[in-house]
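This report refers to the structure that appears directly beneath it.
Just so it is clear, none of the values below were taken in a lab; they were calculated from the coordinates. In this text, all values refer to a predicted model and were calculated from it rather than measured experimentally. Because the Cβ atoms are built from the backbone with ideal geometry, glycine has one as well, and the counts that use them run over all protein chains shown.
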Amino acid sequence: MAATCVWDEIPAQTRVAGYLRRAVAGDTVSHAYLFVGPSGSGKKTAAVALACAVFCDDGGCGACPTCYRVLGGHHPDVHIVRPEGAATYIVDQVREIIHDVNLKPVQASHKIYIIDEADRFNPESANAFLKTLEEPPDDVIIVLLTRSYETVLPTIASRCQVVRFRPVPPSVAAALLVERLGVDTAQARAALAASGGVVPRAEELLRSPGRLAARDLCLETLKRLPLMDGYDVLDAARLLLGAVKGPLDEVKSVQGDELEEYRAILGKTVSTKPLEERHKRELTAREREGVGEILGVTQSWLRDCLAVSQGAGEYVANTDVADAMDEVAGIITPAAALRALEAVDTARKRISYNVSPQLAIEVMLFDIREVLRCPR
Amino acid sequence: MKVSIARTELLDALSIASKGLSSRTTLPILSGILFSAQNDELRLNSTDLEISIKTSSKARVEEAGNAVIPGKLITDIVRNLPESAVTIETTQNGATISCAQSSFVVRTLSADDFPKFPDVTPGEMVSLPTGVFSEVVHQVSRAVSRDETRPILTGVLVVVDEGTLRMAATDSYRLCVREVPVDGVLGSLEAVVPGRAIEDVARLGASAEAIKIGVSENQVVFAFNQTTFVSRRIEGTFPNHKQLIPKEFVTRLTIGRQDLLEAVKRVSLMAQHSAPLRMKVSTTDRILTISAQTQDVGEATEDLEIDTQGEDVEIAFNHAYLTDGISVADGDKVAIEIVSPLKPGVMKHPEGQDFIYLLMPVRLG
């Protein structure tokens, strides 16, 4: 068991782990992989595990100095790359990768490039990368990570072996959270419901008091929603957005510290723009995530109401607010519940098209209020 | 860590180590130099993950330890210090640098985060006299390619075998090969070294008597004085350049190197927008006519007296590449051998075979 324990890091992907493990053992590792799977399904963990398995003499023991360095993210031959442009990989970044690809490894037998968000290649950066991706030197392994196969440029995808990751089943995910954080199953299930089943995000939610507060506020709003007048609804939407932005301040202060340290070390002459841009992207992503959580909580609450109304109480995720749900569940019809759930989906879609989150949530709350007032 | 060292010695070590600094924004630690003090020795380490430099000098170590100090900053500080002993003392998360009446406090980074110096065990080390090494590097490095699409050409081929040192570089438009006998050098090696790295070594090692070279599977190591310079090797095999060099010639001309260089530089003024430089050899008159013409700008012609053998010929070259070749060639005279206007011309020493500069012609319109 101890001989191959890096693969235990991805317990939910036994098929993928088995496949990669066989590839390493049989020395048939491909030069390029495309890992496709929803966020939180363990793509990056699997890529790092692959690096361990290739570098480590014991096929990935997870305990030797080599594995330690790979897992800690400071092995000189494991390169983890993220987009540096505002929304895409930039050509210069790709050139830097190509330059490194063409040099011999520093200390290991191979060089491994883990390229996150492979759907973020624009045609220019992709074209710069194609030749390298197609026929790198023998000692190169390129692992591209993406959420969906369709969003990756076909020229990129066709040059890789595709490895599909399954979404983590809810029971396994909940068990993982219970084990890692020591929360009870009910809390784990509620957090997973809010974060769309993504384990790392549910983990973050459970760790952040600010985000838990936003969840509570959202549930409270839903409970009172039928009694609100138009002004109250607008006010509630504003408060919800405020609650989402609250936890962002923590992120901002961490980023500020990082920037200051960076300036102190590199001096004033070096441009801090790449770092600032990364921070900005991080903030936007966090805010999106926060808004997504509000929608996730709303959705799971409505789903719970539907489940209770149909006498399937064992499927309820948000058990902590069961009393408020019972009231709604008593009168709601499946058709009405679906209408309300549709409102949430519409809001999610609108936000992805860059509608202001506040506006989208306001509309959603109004729609849900209609349903709750007239649940037939 | 607490260590004292003479300012000049520290500055020398710093100027070597700062060659290895990286400005890559993703890893701020690489912009720092790792100082480690122990056993009366201060060791400096720097790396940009492609090359790694380790250098050391004698110092008075009062307290052993490590620290990573921003590289550019400390070099600037030490350069401006007066000539006296410099003391570097680390505190909780900073370092104090004091010298005579001045003192500086700088931030430091954790030494544990600094990439380990590559653990290289070359098979054998070959020692070369610095003078020869730098001269050869200077000659061939002009021809190194800057184009990353053929990575192997961004390196210099270094071969030591049977008492000779050979280096070759090409960017597929020209090829420069230099071979020199090195007496008393034992051992053999072959490696392709990134062009920038070998130029840095030639510059940094200038004051040393000899430079030792060793090759391991992934790295090539240079050692001189107290410094070890490690560079990653380039993937791939260097093209077989020997088969490219023509064995025979149809026309051969010999001319004073300085005269040719000056004439080419003059005529090149009229070879703008990469217009070619024409060379017309008349064997009966013993005249080489160099001319260039740029449309809408003008033209230039110059006649030079030469020694020739063979037939008349007219050939054209890129002027910048030609200038490069003439300026790094050996000796007072150069010989140019031409097979035909569509085959590469060869520039070499009139008597020897140890310097060869092969240049692709430009097709005449």
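Using alpha carbon centroids, what distance separates region A:277-345 and region A:234-256, in Å? Computed from Cα coordinates, the inter-centre distance equals 20 Å. Sparse packing (at most 16 other Cβ atoms within 10 Å of the Cβ) combined with a DSSP loop state is found for the following trypsin sites (Lys or Arg not before Pro) in region B:265-295: B:Arg286.
Neighbour counts of C-beta atoms inside 10 Å place B:Cys99, A:Cys64 in the sequence A:Cys64, B:Cys99, starting with the fewest.
So if we plug the beta-carbon distance of A:Asp229 and B:Gln92 into 1/(1 + (r/R0)^6) with R0 = 60 Å, what FRET efficiency do we get, rounded to 0.05?
Details: r = 59 Å, r/R0 = 0.98.
Step by step, r from the Cβ atoms, then E = 0.55.
Could you grab the relative contact order for region B:216-301? Cα pairs under 8 Å, six or more apart, rounded to a whole percent.
Details: 76 pairs, mean separation 14.8, N = 86.
Reported relative contact order: 17 percent.
Other protein chain C-beta atoms within 10 Å of residue C-beta, averaged over B:62-74: 1. Residues B:Leu109, A:Leu222, arranged from fewest to most other Cβ atoms within 10 angstrom of their Cβ, appear as B:Leu109, A:Leu222. Placing unit charges on the Cβ atoms only, positive for Lys and Arg and negative for Asp and Glu, gives chain B a dipole magnitude near 760 debye about its Cα centre. Taking B:His319, B:His349, B:His273 in turn, the Gaussian network model of chain B (Cα-Cα springs below 10 Å) assigns the largest fluctuation to B:His273. Think of region A:32-185 as a dipole: +1 on every Lys or Arg Cβ, -1 on every Asp or Glu Cβ, centred on the Cα centre; then among A:Leu145, A:Asn122, A:Pro38, A:Pro38 lies furthest on the positive end.
Exactly which GluC sites (Glu not before Pro) in region B:264-331 are in a DSSP loop and have at most 13 other Cβ atoms within 10 Å? Could you put the intermediate results ahead of the total?
Values: sites: B:Glu299, B:Glu302, B:Glu305, B:Glu311, B:Glu314; in loops: B:Glu311.
Counting only loop positions with at most 13 other Cβ atoms within 10 Å, the GluC sites (Glu not before Pro) in region B:264-331 are B:Glu311.
Taking A:Pro105, A:Pro11, A:Pro274 as the candidate residues, the one with maximal mean-square fluctuation in a Gaussian network model of chain A, Cα springs under 10 Å, is A:Pro274.
The mean number of partner chain beta-carbon atoms within 10 angstrom of a residue's beta-carbon across peptide A:69-81 is 2. In sequence order, region A:212-225 has phi-based couplings of 5, 5, 4, 5, 4, 4, 5, 5, 4, 4, 4, 5, 8, 3 Hz under the Karplus curve 6.51 cos²θ - 1.76 cosθ + 1.60, θ = phi - 60°, and Gly or Pro positions carry x.
About its Cα centre, how strong a charge dipole does region A:2-164 have in debye, to the nearest 20, once Lys and Arg get +1 and Asp and Glu get -1 at the Cβ? Intermediate values should be presented prior to the final figure.
Working: 15 positive and 19 negative charges, 73 e Å.
Magnitude of the dipole: close to 360 debye.
In the elastic network of chain A, a GNM with C-alpha springs shorter than 10 Å, the most mobile of A:Ala264, A:Ala32, A:Ala202 is A:Ala264.
Among A:Phe366, B:Phe133, A:Phe55, rank each residue by its count of other Cβ atoms within 10 Å, from fewest to most, as a rough exposure measure. Display every interim value, and only then the final one.
On the way: A:Phe366 16, B:Phe133 27, A:Phe55 23.
Final ranking by Cβ density, sparse to dense: A:Phe366, A:Phe55, B:Phe133.
If I take every Cα pair under 8 Å that is 6 or more residues apart in region A:240-356, average their sequence separation and divide by the length, what percent do I get for the relative contact order? Working shown, then result.
Values: 64 pairs, mean separation 27.1, N = 117.
Averaging sequence separation for qualifying contacts and normalising by length gives 23 percent for region A:240-356.
Once you reduce region A:142-218 and region B:270-287 to the center of their Cα atoms, the two points are 71 Å from each other.
Placing unit charges on each Cβ (+1 for Lys and Arg, -1 for Asp and Glu) gives the protein assembly as shown a dipole about its Cα centre, and among B:Gly71, A:Pro83, B:Tyr357 the Cα reaching farthest toward its positive end belongs to A:Pro83.
Between the helical axis of A:91-101 and the longest alpha-carbon principal axis of chain A there is an angle of about 40 degrees. Taking 7 Å steps out from each Cα toward its Cβ at A:Arg288 and B:Val159 produces label points 5.5 nm apart.
On a 0 to 90° scale, report how tilted helix A:322-331 is relative to the longest principal axis of chain A, with both axes built from alpha carbons and the result rounded to the nearest 10. The answer is roughly 60 degrees. Candidates B:Cys99, B:Ser110, B:Leu42 compared by Cα position along the dipole of region B:2-113: farthest toward the positive end lies B:Cys99, with charges placed on Cβ.
From the helices alone, meaning DSSP H stretches of at least four residues, give me the mean residue ellipticity at 222 nm for chain A, per-run term -39500 (n - 2.57), in deg cm²/dmol to the nearest 500.
Numbers: 16 runs with 225 residues, N = 376.
Dividing the helical sum by the residues of chain A leaves -19500 deg cm²/dmol.
Take every Cα pair under 8 Å in region A:2-164 that's 6+ residues apart, average their separations, divide by the length, and report that relative contact order as a whole percent.
On the way: 266 pairs, mean separation 50.8, N = 163.
It rounds to 31 percent for region A:2-164.
If you put +1 on each Lys and Arg Cβ and -1 on each Asp and Glu Cβ, how big is the dipole of region A:1-86 around its Cα centre, in Debye rounded to 20? If you can, show how the numbers build up before the last one.
Working: 7 positive and 7 negative charges, 56 e Å.
I would put it at about 280 debye.
Averaged over the residues of peptide A:96-103, the number of Cβ atoms from other protein chains lying within 10 Å of each residue's Cβ is 5. Our coupling estimate for region A:44-52, obtained by passing each phi through the Karplus curve with A = 6.51, B = -1.76, C = 1.60 and θ = phi - 60°, is 5, 4, 5, 5, 5, 4, 4, 4, 4 Hz, Gly and Pro reported as x. In chain B, the calculated helix contribution to ellipticity at 222 nm averages -5000 deg cm²/dmol per residue, counting -39,500 (n - 2.57) for every DSSP H run with n ≥ 4.
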